[in-house]
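Below is one structure; the comments refer to it alone.
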Amino acid sequence: MNDQLDAFLQQVQDRIFELTRREFGEKVFERWQNPLYMGDMPHADGHAKLKGTCGDSMEMYLKVADGRVVDASFQTDGCGPSIVCGSYAAEMARGKTLEELLEFSGASILRELGGLPTEHEHCAFLAAESVKAAVDDYMIKRVRKPQEERTSD
Ligand code: FES
């Protein structure tokens, strides 16, 4: 009986995976299965938590050195596509200068993914906005730091 149940559950899972691949593509599926850069970052230099119109939240953490993002991670309580978009947002932010991130947008993530179904495009924009808000947070903290601490960043 247990073997039958296991086989049935395996079939259901295989079907879900097949449908997900078909709807979102292999790249999105693979990242959903292996969401790189997901997790909190203690002592981040820049941090933001935004809530999308869908009610999901996206958190972004940045480490910055010499005006460049040297590490980034994200957290979300959102859907599969929001996990994928947060993961790509963190990946794409890594190594970029803060000036380069001024151009960063949901469209950048959608291009990288080869697009998402229309009803999930907002997930990419939420992820990109969280990167920009984390940069803003970094800049605000930097301005408030005493001059001698700023020169060591
Ligand atoms: Fe809300 Fe994806 S971020 S549906």
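No value in this document is a laboratory result; all are computed from the given coordinates. Since the model is a prediction, treat every value here as computed from it, not as a measurement. Don't worry about glycine lacking a Cβ; one is built from the backbone with ideal geometry, like all the others, and counts go over all protein chains shown.
Listing for the model above:
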| quantity | calculated |
| --- | --- |
| Cut-off 12 Å, label 7 Å out along Cα→Cβ of Lys145, residues of the range 57-93 by amide N | 63-68 |
| Dipole magnitude (debye, nearest 20) for the chain, charges at Cβ of Lys, Arg, Asp, Glu | 380 debye |
| For the range 50-58, Karplus couplings with θ = phi - 60° (6.51, -1.76, 1.60), whole Hz, Gly/Pro x | 10, 10, x, 5, 6, x, 7, 10, 10 |
| Kirkwood hydrodynamic radius over Cα pairs of the range 1-44, then Stokes diffusion coefficient at 20 °C and 1.002 mPa s, in µm²/s | 168 µm²/s |
| ³J(HN,Hα) computed for each position of the range 114-131 - Karplus, 6.51 cos²θ - 1.76 cosθ + 1.60, integer Hz, glycine/proline x | x, x, 9, x, 3, 5, 10, 4, 4, 4, 5, 5, 5, 5, 5, 5, 5, 5 |
| Nonlocal amide H pairs with Asp45, under 5 Å, H built at 1.01 Å | Leu62, Lys63, Val64 |
| Highest-MSF residue in the chain out of Lys141, Lys96, Lys63 [GNM, Cα springs under 10 Å] | Lys141 |
| Whichever aspartates and glutamates have a C-alpha closer than 16 Å to that of Lys145, once near sequence neighbours (fewer than 8 apart) are set aside | Asp45, Asp66, Asp136, Asp137, Asp153 |
| DSSP bridge orientation in the range 9-97 - percent antiparallel, rounded to nearest 5 | 95 percent |
| Under 5 Å, built H, 5+ apart or other chain: amide partners of Lys96 | Val69 |
| Percent of Cα-Cα distances greater than 18 Å, calculated over the chain | 59 percent |
| Residue (of Ser82, Phe29, Ala134) at the positive-pole extreme of the chain, dipole from beta-carbon charges | Ala134 |
